[in-house]
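Structure first, then comments.
The values are calculated or read from the model by the stated rules, or taken from the named source; none is laboratory data. Treat the numbers as computed from the prediction; the structure is a model and nothing was measured. A quick note on method: Cβ atoms are made from the backbone with ideal geometry, for glycine too, and the neighbour counts reach across all protein chains shown. Please note that ligands, DNA and RNA were not included when accessible areas were found on the heavy atoms of the full protein model with its side chains. Shrake-Rupley method; radii C 1.70, N 1.55, O 1.52, S 1.80 Å.
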Amino acid sequence: MNIETNLPLTEPTFFILLVLASGPQHGYAIMKETAALSDGRVRLSTSTLYEAIKRLLNLDWIERSPAASGIERGRERKAYKLTNLGRLIVSAETARLQSLVSLAQQAEVGTSS
């Protein structure tokens with residue numbers, strides 16, 4: 001599989017994967033961490049988050065984490081973690097973004113000649 005064909009990622013997808021790169025998380029934690037990491041630029045609604053989770057599960061970029069899942073206040077809490085493919089995807093997107101920043105810095109964006 002050519003990882004680059006999956007790039008660029010949308011900003012919400014990138015942040016969801018980035019949050020999960022640090023370890024398994026529940027949906028609510030994913031929403032809070034995404035907002036924190038993006039300085040509030042990306043705020044996921046519950047429906048947007050769970051649609052993204054469904055898509056990422058189908059792509060095999062994330063999977064359920066039984067060890068981090070459980071019951072809280074009588075409700076099942078599902079936790080998710082990156083798969084190996086998901087780690088490759090987020091690493092490739094990070095490298096792509098770093099390359100763009102490097103190109104912009106070399107072009108001295110914002111400086112006048």
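Counting Lys and Arg as +1 and Asp and Glu as -1, each charge on the Cβ, what is the dipole of the chain about the Cα centre in debye, to the nearest 20?
Dipole about the Cα centre, nearest 20: 480 debye.
List the aspartates and glutamates whose alpha-carbon lies under 16 Å from that of K32, not counting same-chain residues fewer than 8 positions away?
E11
Which one is right for this structure if Rg/Rh (Cα atoms, Kirkwood Rh) is calculated from it: [x] 1.01; [y] 1.14; [z] 1.06?
[z]
Report, to the nearest whole %, how much of the accessible area of the chain belongs to carbon and sulfur atoms, 1.4 Å probe, protein only.
52 percent
Take peptides 57-65, 91-99 and line them up by average Cβ neighbours within 10 Å, highest first, as a rough protection proxy.
With the highest mean Cβ count within 10 Å placed first, the list reads 57-65, 91-99.
For the chain, with every protein chain kept in place, what is the accessible area per residue (1.4 Å probe, Å²)?
With the other protein chains kept in place, the chain gives 65 Å² per residue.
If you take all C-alpha pairs in the stretch 1-56, what percent of them are over 19 Å apart?
Tail fraction, whole percent: 24.
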